[in-house]
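The structure appears right after this line, and notes come after that.
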Amino acid sequence: MNTTFENDLSAKGYIDVAIDPSIDLVAEINRLKKEKNAVILAHYYQESEIQDLADYIGDSLGLSQQAAKTDADVIVFAGVHFMAETAKILSPSKKVLLPDLKAGCSLSDSCPPHLFAKFKEKYPDHLVITYVNCTAELKALSDIVCTSSNAVQIVESLPADQKIIFGPDRNLGAYVQKKTGRDLVLWNGACMVHEIFSQEKLDALRLEYPHAKFIAHPECEDHILAQADYIGSTSGMLKFTIEDPTDTYIVATESGILHQMQKSSPNKTFIPAPPNNLCACNDCPHMKLNTLEKLYNCLYFEQPEIVLPADIIARAQKPIERMLDISAKLGL
Ligand code: SF4
């Protein structure tokens, strides 16, 4: 690998090479994709221009399923670091690229594996279920991984007397606890994006749009979820807005999902739930680190690449495969 890139990658997290301004970036990315037999997987929280050129757009469960079955040689993951790691765990022989290595996740960061390992030691007879939004190392410490689409069903699939630790998201854990009536031991982690919604601004918005339905992601805090007409994963929320007859929705999750909602239902109105700051909508700063330019350079130079130790891959595969098996059996 070129030494300059090594320096750039450690300092910046992405390939910072000037791009000829006269090229059509979208056309070039599509050409490189064919030439390298690459596939672009994008999360719903990516910028709309990245979503529009992705081969597959989805939430964590859908993206994991795609990563497990792709026959491409190269996977470019337009998302955050733990998602690209999940793709590498499921497709270890493929080259997995992430446009910006610094695209992290506050929720994943809220659960350092060495501290979780000590926490786990306190509950030796508990099964460990971790939300997919965590590091590969944390997955390697888990028995089953879940996503926000299947967390409730995965807990329900276990015997009623099975003791369970749930991490790292305390809000999703509390939601699962409420839905299943199970007593879970929760790790105290959270996502900065889903804990920033302003009750006051939300109240004002609901008065302004009294007929709008309020839909929320289960990573939101309990007092926000308590008011929701629908609670679900990003793909669940998207499906709900397509099938439901209402014409206006206030959406409490990362605002990137509004692009697909608007594309799927062009005659409906989607309003992002307001955060507790000066912004009008709620962006994940980690997700938004990926840009078309970084994506182009990443595909062109095939860097930055996700590399994981073989033993972590082997140990992290089991809980993810267990999740995929349970989800397939339940038809999720
Ligand atoms: S929205 Fe929250 S959970 Fe998702 S990547 Fe951003 S910080 Fe992590």
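Counting only protein heavy atoms and using a 1.4 Å probe, the accessible area of Y123 comes to about 60 Å². What pairs in K34/K288; K34/K213; K95/K122 have C-alpha atoms more than 32 Å from each other? Exceeds cut-off: K34/K213; K95/K122. Identify all aspartates and glutamates with a Cα-Cα distance to K88 below 16 Å; exclude those on the same chain that are fewer than 8 residues away in sequence. The qualifying aspartates and glutamates are D71, D73, D100, E137, E302, E305, D311, E321. List, in the order given, every pair from K118/K239; K239/K318; K139/K294 whose Cα-Cα distance in the structure shown is over 32 Å. Beyond 32 Å: K118/K239. Magnitude of the charge dipole for the range 197-272, about its Cα centre and with charges confined to Cβ atoms of Lys, Arg (+1) and Asp, Glu (-1), is about 300 debye. Taken one residue at a time, the phi angles of the range 73-81 give Karplus couplings (6.51, -1.76, 1.60, θ = phi - 60°) of 7, 10, 10, 9, 9, 8, x, 10, 4 Hz. Gly and Pro are set to x. Within the assembled protein chains, the solvent-accessible surface assigned to E121 is about 140 Å², based on a 1.4 Å probe. Shown in residue order for the range 199-207 are the 3J(HN,Hα) couplings computed by the Karplus curve 6.51 cos²θ - 1.76 cosθ + 1.60 at θ = phi - 60°: 4, 4, 5, 5, 4, 5, 5, 6, 6 Hz (x for Gly and Pro). Per-residue ellipticity at 222 nm from helix content only, as computed over the chain with -39500 (n - 2.57) for each DSSP H run of at least four residues, stands at -12000 deg cm²/dmol. Using 1/(1 + (r/R0)^6) with R0 = 56 angstrom and r between the beta carbons of H223 and D52, what's the FRET efficiency to the nearest 0.05? Here the calculated transfer efficiency is 0.95. Globularity index of the range 52-114 is 1.12 (Cα radius of gyration / 2.2 N^0.38 Å, N = number of residues).
Amide H contacts of V96: I75, I306, each under 5 Å away and 5 or more positions distant or on a separate chain (H built 1.01 Å from N in the peptide plane; Pro and chain starts excluded).
In this structure, N276 and K36 have a Cβ-Cβ separation that, at R0 = 56 Å, corresponds to a calculated FRET efficiency of about 0.85.
Each Lys and Arg Cβ is given +1 and each Asp and Glu Cβ -1; about its Cα centre, the chain then shows a dipole of about 720 debye.
Ranked from largest to smallest solvent-accessible area, with a 1.4 Å probe on the protein heavy atoms, D20, D169, D161 come out as D161, D20, D169. Determine the distance separating the Cα centre of the range 23-71 from the Cα centre of the range 307-332; give it in Å without decimals. Comparing the Cα centres of the range 23-71 and the range 307-332, I get a distance of 22 Å. Rg and Dmax, both from the Cα atoms of the range 197-272 and both in Å, are 11.3, 31.
Toward the positive end of the charge dipole of the range 222-332, with +1 on the Cβ of Lys and Arg and -1 on the Cβ of Asp and Glu, the farthest Cα among P285, F270, I312 is that of I312. Among H211, H259, H43, the order of accessible area from largest down is H211, H259, H43, computed with a 1.4 Å probe on protein heavy atoms. Take the range 1-129, compute every pairwise Cα distance, and split them into 5 Å bins from 0; I just need the percent in each bin. For the range 1-129, the binned pair fractions read 2, 9, 15, 18, 20, 15, 9, 5, 3, 2, 1, 0, 0 percent. Take the Cα radius of gyration of the chain and divide it by 2.2 N^0.38 Å, N being the number of residues; the result is 0.99. Looking at the chain as a GNM with Cα springs under 10 Å, which of T70, T253, T234 has the largest mean-square fluctuation? Top of the fluctuation ranking is T70.
The values are calculated or read from the model by the stated rules, or taken from the named source; none is laboratory data. Note that the structure is predicted; figures quoted are calculated from it, not measured. All Cβ positions, glycine included, derive from the backbone under ideal geometry; neighbour counts span all protein chains shown. In case anyone asks, the SASA skips ligands and DNA or RNA and just uses the protein heavy atoms, side chains included. Shrake-Rupley method; radii C 1.70, N 1.55, O 1.52, S 1.80 Å.
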